[in-house]
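Scroll down for the structure; my scribbles are underneath it.
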Amino acid sequence: MNGPPTSPPRIVLRGVLPEDAFVSAQWLHLKPRGLKVVLFGLILISLLWVGIGTIYRWAQGEIPGSDVWPYGLFLGLLLAFLIWLPFKFRASYRQHKILQRPFELELSPTGLRKHDSDEEEIPWSQYVGYRKNDSVLLIYQTPALFQVLPRTLFETDAGFDHAVALVGRHLKRI
């Protein structure tokens, strides 16, 4: 009697972290959630409200002076997110040579093992959660420290999905 095929109990990844995967991981880490999304939405609504008032006063012939500062703030934030942060992410990757070295990781039902640093497996209970997008899986040891698993290091998309499912059985999505 043939049953369904069983998935391998361990997933081994070998390779080098690509620069694009590192940048994607940084964006995923910064992606706002929960209260930050509400706060960002309130800021955008406030800017829109000030903008409507400014346009109305321009239409009435008034020249607004101090009402223009929110647009300078918005433009500064936009430039920071579109130009400065991507530049800093790529510069950080190039400066940290250890990120460009080959590594080997092993995910198992009991934890994660990093073969390049030590042979001790870190149990899932020592991790706080995970995040994922289309190109990377982040496994968090602390809210600010995470392991990047790029999709490109998996042999197939199903392998990536299997790793996400394995991690998801043990950790909460944050």
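Derivation of every value follows stated rules applied to the coordinates shown; laboratory data play no part. Just so you know, these numbers come straight off a predicted model, no measurement behind them. Glycine also receives a Cβ, built like all others from the backbone with ideal geometry; neighbour counts cover every protein chain displayed.
Observations on the model:
- Separation of region 151-174 from region 82-101 is 25 Å, based on Cα centroids.
- Flagged links, alpha-carbon separation over 20 Å, of Lys36/Lys88; Lys31/Lys88; Lys88/Lys132; Lys31/Lys132: Lys36/Lys88; Lys88/Lys132
- For Val38, Val167, Val23, Val12, order by how many other beta-carbon atoms lie within 10 Å, fewest first: Val38, Val12, Val23, Val167
- Only helical runs count toward this figure. For the chain, summing -39,500 (n - 2.57) over DSSP H runs of n ≥ 4 and dividing by all residues gives -13500 deg cm²/dmol at 222 nm.
- The chain, relative contact order in percent, only Cα pairs under 8 angstrom and at least six apart counted: 27 percent
- Exposure proxy ranking for Ser24, Ser92, based on other Cβ atoms within 10 angstrom of each Cβ and starting from the fewest, stands as Ser92, Ser24.
- Among Val148, Val37, the ranking by other beta carbons within 10 Å of each residue's beta carbon, starting with the fewest, stands as Val37, Val148.
- Extension gain (nm, one decimal) between Leu75 and Gln95, 0.36 nm per residue minus Cα-Cα: 4.3 nm
- Listed residues Leu85, Leu44, Leu153: farthest to the positive end of the dipole of the chain (Cβ charges): Leu44
- Column: log10 I(q)/I(0), Debye, Cα scatterers of region 30-95, q = 0.14, 0.15, 0.19 Å⁻¹: -0.60, -0.66, -0.86
- When the Gaussian network model of the chain links Cα atoms closer than 10 Å, the mean-square fluctuations of Gly41, Gly72, Gly61 top out at Gly61.
- Extension gain from Lys88 to Leu35, taking 0.36 nm per residue of separation minus the Cα-Cα distance: 16.5 nm
- Unit charges on C-beta of K, R, D, E only; dipole of region 30-95, Debye: 580 debye
- Acute angle (nearest 10 degrees) that the helix 157-170 long axis makes with the longest principal axis of the chain, alpha-carbon atoms: 90 degrees
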